[in-house]
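Peer 1: First the structure, which I've put down as structure tokens, then a few questions once you've had a look.
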Amino acid sequence: MRRAHYAIHLVFCLLIITFMTPQAAAQDPGPIGPFVFDIRGALAGVGQNAELAETRGLWPDQLAPRGIGLNVGGHAYVLRWRDVTFGIGVSALVSSTTRTPSMDAPQPSGPTIKTRFTAISPELSLNFGDGDGWSYLSGGLGTSRMNVYAEQPTVPKQRRAGTLNYGGGARWFIEPNLAFSFDVRLYAISPLPQLGDQPGSPRMTRFAVNLGLSVR
């Protein structure tokens, strides 16, 4: 049910992006690309997964539902076919959050819990528009790390999991080389078994909204 909820939100956002793609101006704005770099603030839904909490000996309420962070990436546009421009690139997401128990929590005297989520992936994209701005659908297969732990001086080790990311967004150029950029993305994370003192994690899907600037 939670995955379906994420998917509905993603489809809704992508429909908005598609209809908001800038229309061609009277003067030819030229083709998409040839490259672009993104830097965006991120709001990531890291979730209160019961299975994830159990592997760390925690209650789900001890985990923060979302975190803030940074999304960066770079893309090159290599081929145009009819109305579609094909792109290749890479993107990375880093987010962090903490949660301190409140007095009405199941364990009000428990520790502060930190959640760090990082993901990196090569991406392929389908882009629609022109040099003034374009919308896109993109996806890639990379890795991510979901590190959940009680606050301490050193960050415990946590393995990376295979992760499929997919989503879409748009860029609107407000200057010849500067664009407003918006992106919504899902991360389908593969499960990890426990290995020694490194805890495992269940299969999860996480959602991120990224907002910022693009330069070319």
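Peer 1: Output needed: percent of Cα pairs per 10 Å distance bin for segment 106-216, bins running from 0 to the one holding the longest distance.
Peer 2: Values per bin, smallest distances first: 13, 33, 27, 17, 9, 1.
Peer 1: Then there's this: Which whole-Hz couplings ³J(HN,Hα) result when phi for each residue of segment 78-89 is put into the Karplus expression 6.51 cos²θ - 1.76 cosθ + 1.60, θ = phi - 60°, listed in order with x for Gly and Pro?
Peer 2: Each residue of segment 78-89 in turn: 9, 7, 10, 9, 6, 9, 10, 10, 8, x, 10, x Hz.
Peer 1: Would you list Phe35, Phe182, Phe117 from fewest to most Cβ contacts within 10 Å?
Peer 2: Values: Phe35 13, Phe182 21, Phe117 25.
The fewest-first ordering by Cβ neighbours comes to Phe35, Phe182, Phe117.
Peer 1: 5 Å is the cut-off here: which amide hydrogens, built 1.01 Å from N in the peptide plane, fall below it relative to Gly131, excluding neighbours closer than 5 in sequence?
Peer 2: Sorted by chain and number, the residues that satisfy this are Gly30, Ile32.
Peer 1: Among Ala170, Gln152, Ser181, flag the residue with its Cα farthest along the positive direction of the charge dipole of segment 84-207, charges on Cβ as +1 for Lys/Arg and -1 for Asp/Glu.
Peer 2: Of the listed residues, the answer is Gln152.
Peer 1: Okay, moving on. At Thr98 and Asn177, where each label point lies 7 Å from the Cα along Cα→Cβ, what is the point-to-point distance in nanometres?
Peer 2: 4.0
Peer 1: So between Phe37 and Ile68, what do we pick up on full extension, going 0.36 nm a residue minus the alpha carbon distance?
Peer 2: Gain in length upon complete extension: 9.1 nm.
Peer 1: Per-residue HN-Hα couplings for segment 206-212, Karplus 6.51 cos²θ - 1.76 cosθ + 1.60 at θ = phi - 60°, whole Hz, x for Gly and Pro?
Peer 2: With the stated coefficients, segment 206-212 comes to 10, 10, 9, 10, 10, 9, x Hz.
Here, each number is a calculation from the coordinates, and none is a lab measurement. Because the structure is a prediction, the values reported are computed rather than measured. Cβ coordinates were reconstructed from backbone atoms using ideal geometry, including for glycine residues, and neighbour counts include every protein chain displayed.
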